[in-house]
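**Q** One structure, pasted below without further comment.
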Amino acid sequence: WQELDGVTYFYENGYPVTGLRRIEGKLYYFDPQGARAKALGIDASYYNEHIDWKTVKAAGIDFAIVRIGGRGWTSGAPYGDLRTHEYLMEAQDAGVKTGVYYYTAAINTREAMEEAQAALRTLDGIQLELPIFIDMEFSGENPRGRADRLTTAERMEIIRTFCETVRHAGYSAGIYSGQYFYQRTLYYPALSGYTIWMANYTYYGQLPDFPERYDIWQFTERGTVPGVPGRVDLNVMF
């Protein structure tokens, strides 16, 4: 390990390592120049089954963003996640910082308000270190999903309604989506007041080719972390 000008590096054979590395039993992420990321995290839902959060923390995971609910992309029916409280309580007990996300399929601001209020009811005052995120993306049946053909203006109003509702309740707010969605379907300058969580699965540890600010980068959906059964999404903060 070496620290230069406040930046931490790990060297092997005289060269700084890059990408996701396991060192002395813990996971770390290093950018293409070898600078260690500030934090490494996962996002989790019911489909990750039972997670051993103490093992996850010991493996080097600093934060977790937990699904709190969503809306069906065809039916429009809202749903919860059966493991939300379990994950939040056990992650926090293990010292893992937490946030939550809600998968939106809202088609108007009334439904966006309903989704934000559902997230707040589920939390019931649980404190978070990270935001409540609205997860906005194309459906798995694009363009047949109920929200797939919204205009940019309609999407921005849904985001604003959701985010300002959770802010009014005392939580910070954020948006999750893929890089393409941010660039092609949203008006990015209007998102400046929110935390930006972006998915882009690059090759060979390269950073996203994205000219705007992003706060959290989801860099793979096929990560493996001790304490999590199967594959899990991995995220990093620089």
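The values are calculated or read from the model by the stated rules, or taken from the named source; none is laboratory data. Please read all numbers here as calculations on a predicted model, not as lab measurements. With ideal geometry, Cβ positions are generated from the backbone for all residues, glycine too; neighbour counts draw on all protein chains shown. Protein only, heavy atoms only, side chains kept; ligands, DNA and RNA dropped before computing areas. Shrake-Rupley method; radii C 1.70, N 1.55, O 1.52, S 1.80 Å.
**Q** Quick one: how many residues across segment 197-238 are under 16 Å from the mean Cα position of the chain (by Cα) and of a type in the set (Gly, Ala, Ser)?
**A** The qualifying residues number 2.
**Q** Considering only residues of segment 165-187 that are surrounded by fewer than 16 Cβ atoms within 10 Å (Cβ to Cβ) and of a type outside the set (A, V, I, L, M), which is farthest from LYS97 (Cα to Cα)?
**A** Let us first name the residues in segment 165-187 that are surrounded by fewer than 16 Cβ atoms within 10 Å (Cβ to Cβ), namely 168-170, 180, 183-184, 187.
After this cut, where a residue has to be of a type outside the set (A, V, I, L, M) as well, the list is 168, 170, 180, 183-184, 187.
On the way: HIS168: 22, GLY170: 17, TYR180: 28, GLN183: 29, ARG184: 31, TYR187: 30 Å.
This residue is ARG184.
**Q** To continue, here is another question. In segment 199-238, what count of residues is obtained for those that are open to solvent by 60 Å² or more (accessible area, probe 1.4 Å) and either modelled with pLDDT under 95 or not in a strand (DSSP E or B) (or both)?
**A** At the first step, the residues of segment 199-238 found to be open to solvent by 60 Å² or more (accessible area, probe 1.4 Å) are 201, 203-204, 206-207, 209, 211-213, 221-222, 224, 231, 238.
Subset that is either modelled with pLDDT under 95 or not in a strand (DSSP E or B) (or both): 201, 203-204, 206-207, 209, 211-213, 224, 231, 238.
Residues in segment 199-238 being open to solvent by 60 Å² or more (accessible area, probe 1.4 Å) and either modelled with pLDDT under 95 or not in a strand (DSSP E or B) (or both): 12 in total.
**Q** For residues that are open to solvent by 50 Å² or more (accessible area, probe 1.4 Å) and either under 30 Å from GLU86 (Cβ atoms) or in contact with a Leu (Cβ under 8 Å, 6 or more places away or on another chain) (or both), tally how many sit in segment 26-43. Steps first, answer last, please.
**A** Here is the first cut: in segment 26-43, the ones open to solvent by 50 Å² or more (accessible area, probe 1.4 Å) are 26, 33, 36, 38.
From what is left, the residues that are either under 30 Å from GLU86 (Cβ atoms) or in contact with a Leu (Cβ under 8 Å, 6 or more places away or on another chain) (or both) are 26, 38.
Within segment 26-43, residues that are open to solvent by 50 Å² or more (accessible area, probe 1.4 Å) and either under 30 Å from GLU86 (Cβ atoms) or in contact with a Leu (Cβ under 8 Å, 6 or more places away or on another chain) (or both) number 2.
**Q** Sticking with this one: Filter segment 188-198 for residues that are open to solvent by 20 Å² or more (accessible area, probe 1.4 Å) and not small (Gly, Ala, Ser) and give the result. Quick ask: steps written out before the conclusion?
**A** First pass over segment 188-198, keeping only residues open to solvent by 20 Å² or more (accessible area, probe 1.4 Å): 188-190, 192-195.
Selection gives TYR188, PRO189, TYR194, THR195.
**Q** Turning to a different aspect of this structure: With (1) in contact with a Phe, Trp or Tyr (Cβ under 9 Å, 6 or more places away or on another chain); (2) under 24 Å from PHE238 (Cα atoms) as the list, and THR55 as the residue in question, which single condition is left unmet?
**A** (1)
**Q** Return only the number of the condition from (1) closer than 20 Å to MET89 by Cα; (2) open to solvent by 50 Å² or more (accessible area, probe 1.4 Å) that GLU3 does not satisfy.
**A** Unmet condition: (1).
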